Structure formats: structure tokens, C-alpha cells
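Asker: There's a structure below that I have some questions on.
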Amino acid sequence: MKISVDYPRCEGHGLCADQAPDVFSLDDDAELTYRFEGTVVPDESRPAARAAVNACPVAALRVLT
Amino acid sequence: MPLRTDIPVYRPDLYSASAIRDTYPHYAALRELGPVVWLSKHKVYALPRYAECRQVLLDDDTFASSGGVGLNPVANRVGQGTTLFSDGEDHARRRSLLAHRLTPRALRTMKDTVDQQAAAVAEDAVARRTVDAVEVATALPMSVVPDLVGWPQQGREHLLRWAGATFDALGPLNCQAARTLPASLGMMRYARAVVRDRSALDGSMGHDLLLAADEGRIMPAECATMMIDYLAPSLDTTISAISSALYLFALHPEQWRLLKADPDLVPKAVNEVVRHQSPIRAFSRTATRDTELAGTAIPKGSRLLVLYGSANRDPLEWDDPDTFDIRRDAARQLGFGQGTHGCAGQGLARMETSAILRALVERVDRIETTGPPEWALNNVIHRLERLPLELIPA
Ligand code: HEM
Ligand code: SF4
């Protein structure tokens, strides 16, 4: 499972980080960090990552399978 | 291709006064009928279930907003030029002008003020003990939002009525909308005057718009519509969420005890309130091409009604959807919309609603209703008009 992040679209609402803290986090500046940029999300984090994609209110996250 | 006659039809008026006051049984009946239901009274395809609502919101190429998101041609024309009624490049440009002022990052500088004001509101309410939930819910948004948007002091007394009317006008052209149309035009006239007189407060979002127009980044005519873009949806919606929260916690004292025991549940509680009593009933989209939704043919030009409030109670998506439970994971609820047009003000709405709940949870042991709730008559906003409560101090 790969996820694409549309950074310009992200507004820092942080709902993704609530759902999948191992995958997404916001730094002190509310700037989004995606831990698996350019690689794949490990199996154990997939359900949470999927929930994060569904929770993003501005659809900045997409599952690329 | 299935014909329209194959599509289930719903004849009752979803916007009659009685349906507006008690909508959820209608939603249940619609969901039961199918994923796409023809509303014969309003001549639109209603989407009562979660999956199709979400699909339409996320596919803004096929399901456009620039034909308006209301249910009548007058409002869909009058609202042209707003962020809400635009697509593609126009939308991105308009949204980028202001949305950055409302991101959680930008709002951090406001957090202390909002918390202080919330504490003052809670303190006052607890001192009075018997209160109207709607009055309590109105105080914070009214003390925060007009300043942020930059609405001049003079003229604020009309804001709530105007903003409510602007939403009402997005429904079908029923007597409700006809009654409130003059007030929504009043808001437009006032906004134009604010732009003409350059009376938007210094440093506010309205002021940003005036500067953007000076620099030629937007048309001067867009300034007024864009100010309304941010004012109209910022008051009633949040008032709805806060007053519904008070009502839900009065009805479910065990949920209030959970929140008292663990105030870290506040953000989840806000999602659950907006899921359970979605402040915006529905907005529409127009199909830009012949397409298909859940096996139903949707001809180009059709209008579809995205029923946020119904999607958020869909048993295909939620366990026990009618149960209010703040421990539930409701982050994917659609009460703020989703995707390209996902609510630009949700950071602020979350901040205000959370601040009030935190301020009250410290000071209030129990919330009890002392009379029946009265629901407001509005085509688009679902909110209480009045709810007498007793706040029993901690
Ligand atoms: C609990 C409170 C609120 C709720 C439930 C709510 C709900 C919504 C919904 C459902 C939409 C989506 C419209 C669509 O799908 O076409 C929306 C859009 C919008 N909301 Fe909110 N809203 C709230 C508070 C606010 C506040 C406080 C502001 C401004 C300060 C605001 C500003 C906007 C704007 C500008 C849009 C249009 C975004 C766009 O078209 O890109 N809202 N809101
Ligand atoms: S939920 Fe979406 S908008 Fe919010 S921080 Fe995550 S990616 Fe950004």
C-alpha cells in the first residue's frame, strides 16, 4: 500500500495523525510529515493508514494501492 | 440503461415545516428506498447513504458546484462568485485567498482568546444556572467570528438573521425561502457597502480581500461575495453544533460523565456531535456528464442532493448510527463535507466547540432539560431555536 500526499492541499487539520500516529504526524508548525514517503506502508499500519485517508477532511491523502 | 421510473421515488416534501423540525425519520425512509432516490417534489436525485455522498463529494470533476449547491435557480444564480459555488481553478484561487487564515496553524494565535471567551461564557451560564442552550451557544461564535472576518461593529445586530436567511435561500423556493429572501439580500447589500467604504476591520480576512482586489488578484465584485462566503456559514453552523452538544449531553448524562472523567475525549465528542446532529442538512451538485452512481444512470445536467445528515446516520456505514457515543471513531463523518469543498472553517468550528465543552465540563456536574426543545425552521441549517436547560454546578 502506497499513499500519496497532496501537500499544497493539506491544511494541517491533523485528523490523519489522530488516526495513524505511526504514519502521519504534525510538527510544531502544523506541517505534515508522512513517514513512508516514497515507500510502502508496512502491513501492521495499513488499517490505521486507511482510516487516516478516509478521515482527511480535504482529501489531501490518496491510496495508490 | 435503467429508466428514471426504475429509480425509487419519494413523494413527501423533505422541506415542509414538519419535515424540517423532524427530519431523521425521512432520512431513514430514504435510505431504506435505495442509494439514489428521486424526490418528486423537488425534482432532484437524493443521496441518503454514506458511500454515494462520499463518492460524489470526492469527484468534483463529475459533480460540480459552479451551477450552485442550492435547490433553486434564484439562489444558484445569486451565489455565483463564491468559493462554495465554484470549481477547478476558480475555486482553488478563491479558496487559497482566505482558507490559510483558518488552518489550525493560523488559528493558534487565537486559541488563548477563544479559551478565555469560552471560560467567560461558561462562568456566566453556570452563575445563571437556568439558561437557553441556544443563547449559550451563540455567545462564543458571535464574539469571535465577526472580528476575524472583519465585519464592522455597526451592522452586527443583523448578522445572525442575515446569515440564517442566506442559508434558507439555498433550499427549494418554498414560503420559508420567500420569507427570508429579503434578509439574505440585505446581507449582500451590506457586504457591498463594506467593500465600497473599505470598512472591513484592519488585519481581518475582509481586509485581505480588499488588498487582493487592489493588487488585481480578484475582481472587486468578488470581495463582497467572498466576505459572505465566510460569514454566512460561520455562525449558525457552530451555534448548531454547540447547542446540539448541550442537548445531547442533557439527554445522555452517562456521556457527560465520560467526558468529565476524560476531557481528552473532547475532540472525538465534537466529531460525534456533528455526525449525530449535522448542522448542514444537504447541499447539491450538478452532473457534468452522463454518469452512473450505485448502478443508477445519472444524465448530464441532473442535480443531486448530498444529504450529509442522512449519510452520517447510515447503518451501512455506522454501528448503531442513532446512538450518541463520544467514544466512537466518527472522524470520517461528512458533516463538514469532504474533499475539495470540505469546510474551510472546520478548524475554527472545532476550536470553538471544543473550548466551550472544556470550559463547561470543568464547571458543570450535570445538564438537565427543563422544557421541550424547539427546532429552528431553516431549509439548510439544522439547529435548535430554543432549549431551556439547567446547569447543575460541579
Ligand atoms: C460546526 C460548524 C460547521 C459545519 C458543520 C460546516 C459545514 C460545512 C459543509 C458541509 C461544507 C461543504 C460544502 C459543500 O460540500 O459544498 C462547508 C463549506 C464551507 N465552510 Fe463550513 N461549516 C462549519 C463552520 C464553518 C466556519 C466557522 C466557517 C468560517 C469561518 C466556515 C466556512 C466554510 C466555507 C468558506 C466553506 C466553502 C468551502 C469551499 O467551497 O471550498 N464553516 N462547511
Ligand atoms: S488530515 Fe488531511 S489536511 Fe489534515 S493534516 Fe492530515 S493530510 Fe493534512
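The values are calculated or read from the model by the stated rules, or taken from the named source; none is laboratory data. Quick caveat: nothing in here was measured; it's all calculated off a predicted structure. Don't worry about glycine lacking a Cβ; one is built from the backbone with ideal geometry, like all the others, and counts go over all protein chains shown. Ligands, DNA and RNA are stripped out before the accessible areas are found, and what is left, the full protein with its side chains, is counted by its heavy atoms. Shrake-Rupley method; radii C 1.70, N 1.55, O 1.52, S 1.80 Å.
Asker: Specify the residue that is farthest from the other protein chains (Cβ to nearest Cβ); the eligible residues are those in region B:252-279 that are open to solvent by less than 50 Å² (accessible area, probe 1.4 Å) and not in a helix (DSSP H, G or I).
Answerer: Applying the filter and picking the extreme gives B:Q277.
Here's the yes/no breakdown for (1) within 26 Å of B:A99 (Cα to Cα); (2) in contact (Cβ under 8 Å) with a residue 60 or more places away in the chain; (3) within 16 Å of ligand 1 (Cβ to nearest atom):
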position: A:M1; (1), (2), (3): no, yes, no
position: A:F24; (1), (2), (3): yes, no, no
position: A:P42; (1), (2), (3): no, no, no
position: A:A59; (1), (2), (3): yes, no, yes
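Asker: Working carefully through the options B:L170, B:L181, B:L201, find the one that is closer than 18 Å to B:G70 by Cβ and modelled with pLDDT of 85 or more.
Answerer: Exactly one of B:L170, B:L181, B:L201 is closer than 18 Å to B:G70 by Cβ and modelled with pLDDT of 85 or more, namely B:L170.
Asker: Quick check on my filter: what residues within region B:208-251 are within 15 Å of ligand 1 (Cβ to nearest atom), open to solvent by 20 Å² or more (accessible area, probe 1.4 Å), more than 16 Å from the chain's Cα centre (by Cα) and of a type outside the set (F, W, Y)?
Answerer: Of everything in region B:208-251, just one residue is within 15 Å of ligand 1 (Cβ to nearest atom), open to solvent by 20 Å² or more (accessible area, probe 1.4 Å), more than 16 Å from the chain's Cα centre (by Cα) and of a type outside the set (F, W, Y), namely B:D208.
Asker: Kindly evaluate B:P104 against the criterion of being touching a residue at least 24 places away in the same chain (Cβ under 8 Å) and surrounded by fewer than 20 Cβ atoms within 10 Å (Cβ to Cβ). Let's see the steps before the verdict.
Answerer: Details: touching a residue at least 24 places away in the same chain (Cβ under 8 Å): yes; surrounded by fewer than 20 Cβ atoms within 10 Å (Cβ to Cβ): yes.
The answer is yes for B:P104.
Asker: Can B:A125 be described as in a helix (DSSP H, G or I), over 22 Å from the mean Cα position of the chain (by Cα), at pLDDT 90 or above and buried (at least 21 other Cβ atoms within 10 Å of the Cβ)?
Answerer: For B:A125, the condition - in a helix (DSSP H, G or I), over 22 Å from the mean Cα position of the chain (by Cα), at pLDDT 90 or above and buried (at least 21 other Cβ atoms within 10 Å of the Cβ) - is met.
Asker: Which residues, counting only those in region B:15-27, are open to solvent by 40 Å² or more (accessible area, probe 1.4 Å) and not in a loop (DSSP other than H, G, I, E, B)?
Answerer: B:A17, B:S18, B:R21, B:Y24, B:P25
Asker: Also, I was wondering about something else. Are there any pairs with C-beta distances below 8 angstrom linking a residue in region B:261-283 that is on the phi > 0 side of the Ramachandran plot and at pLDDT below 95 to a residue that is among the acidic types (D, E) and open to solvent by less than 20 Å² (accessible area, probe 1.4 Å), with the two at least 6 apart or on different chains, and if so which?
Answerer: Close Cβ pairs (under 8 Å, with a partner that is among the acidic types (D, E) and open to solvent by less than 20 Å² (accessible area, probe 1.4 Å)) do not exist here.
Asker: If you don't mind, there's one more thing I want to ask. Considering each of B:R358, B:R383 in turn, give the residue that is under 29 Å from B:A183 (Cα atoms), basic (K, R) and open to solvent by 30 Å² or more (accessible area, probe 1.4 Å).
Answerer: So the residue among B:R358, B:R383 that is under 29 Å from B:A183 (Cα atoms), basic (K, R) and open to solvent by 30 Å² or more (accessible area, probe 1.4 Å) is B:R383.
Asker: Find the residue count for region B:76-96, including only residues that are out of contact with any Lys or Arg (no Cβ under 7 Å at 6 or more places or on another chain), within 24 Å of B:Q346 (Cα to Cα) and either away from ligand 2 (no atom under 16 Å from the Cβ) or more than 14 Å from chain A (Cβ to nearest Cβ) (or both). Explain how you work it out, then say what you get.
Answerer: Applying the first criterion (out of contact with any Lys or Arg (no Cβ under 7 Å at 6 or more places or on another chain)) to region B:76-96 yields B:76-82, B:84-85, B:87-96.
Applying the additional criterion that residues be within 24 Å of B:Q346 (Cα to Cα) yields B:76, B:79-82, B:84-85, B:87-96.
So of that shortlist, the ones also either away from ligand 2 (no atom under 16 Å from the Cβ) or more than 14 Å from chain A (Cβ to nearest Cβ) (or both) come out as B:76, B:79-82, B:84-85, B:87-91, B:93-94.
Looking only at that region, the number is 14.
Asker: Of the residues B:N76, B:N72, only one is within 21 Å of the chain's Cα centre (by Cα), crowded, with 17+ Cβ neighbours inside 10 Å and without any contact (Cβ under 8 Å) to a residue 24 or more places away in the chain; which?
Answerer: Values: B:N72 fails: without any contact (Cβ under 8 Å) to a residue 24 or more places away in the chain.
It is B:N76.
Asker: Hey, could you check region A:1-17 for residues that are closer than 17 Å to A:R46 by Cβ and of a type in the set (G, A, S) and say which is nearest to ligand 2 (Cβ to nearest atom)?
Answerer: Step by step, filter region A:1-17, then rank; the result is A:A17.
Asker: Still on this structure, I have one more. If you check every pair at least six apart or on different chains, which have Cβ atoms under 6 Å apart with a residue in region B:194-207 that is in contact (Cβ under 8 Å) with a residue 60 or more places away in the chain first and a residue that is in a loop (DSSP other than H, G, I, E, B) and of a type outside the set (S, T, N, Q) second?
Answerer: B:M205/B:G150
Asker: In contact with a Leu (Cβ under 7 Å, 6 or more places away or on another chain), more than 15 Å from ligand 1 (Cβ to nearest atom) and open to solvent by 10 Å² or more (accessible area, probe 1.4 Å): is that true of B:T323 in this structure? Reasoning before the result, please.
Answerer: Numbers: in contact with a Leu (Cβ under 7 Å, 6 or more places away or on another chain): no; more than 15 Å from ligand 1 (Cβ to nearest atom): yes; open to solvent by 10 Å² or more (accessible area, probe 1.4 Å): yes.
Judged against the criteria, B:T323 is not a match.
Asker: Tell me yes or no: at least one residue of region B:363-371 is of a type in the set (S, T, N, Q), farther than 21 Å from A:A60 by Cα and open to solvent by less than 10 Å² (accessible area, probe 1.4 Å). Can you show your working first?
Answerer: First, the residues of region B:363-371 that are of a type in the set (S, T, N, Q): B:369-370.
From the residues that got through so far, the ones that are farther than 21 Å from A:A60 by Cα too are B:369-370.
From what is left, the residues that are open to solvent by less than 10 Å² (accessible area, probe 1.4 Å) are none.
No, because not a single residue in region B:363-371 is of a type in the set (S, T, N, Q), farther than 21 Å from A:A60 by Cα and open to solvent by less than 10 Å² (accessible area, probe 1.4 Å).
Asker: Looking at A:A30, A:A52, A:A20, which one is within 10 Å of chain B (Cβ to nearest Cβ), within 13 Å of ligand 2 (Cβ to nearest atom) and out of contact with any Gly (no Cβ under 7 Å at 6 or more places or on another chain)? If you could, list the steps in order and put the result at the bottom.
Answerer: Details: A:A30 fails: out of contact with any Gly (no Cβ under 7 Å at 6 or more places or on another chain); A:A20 fails: within 10 Å of chain B (Cβ to nearest Cβ).
The match here is A:A52.
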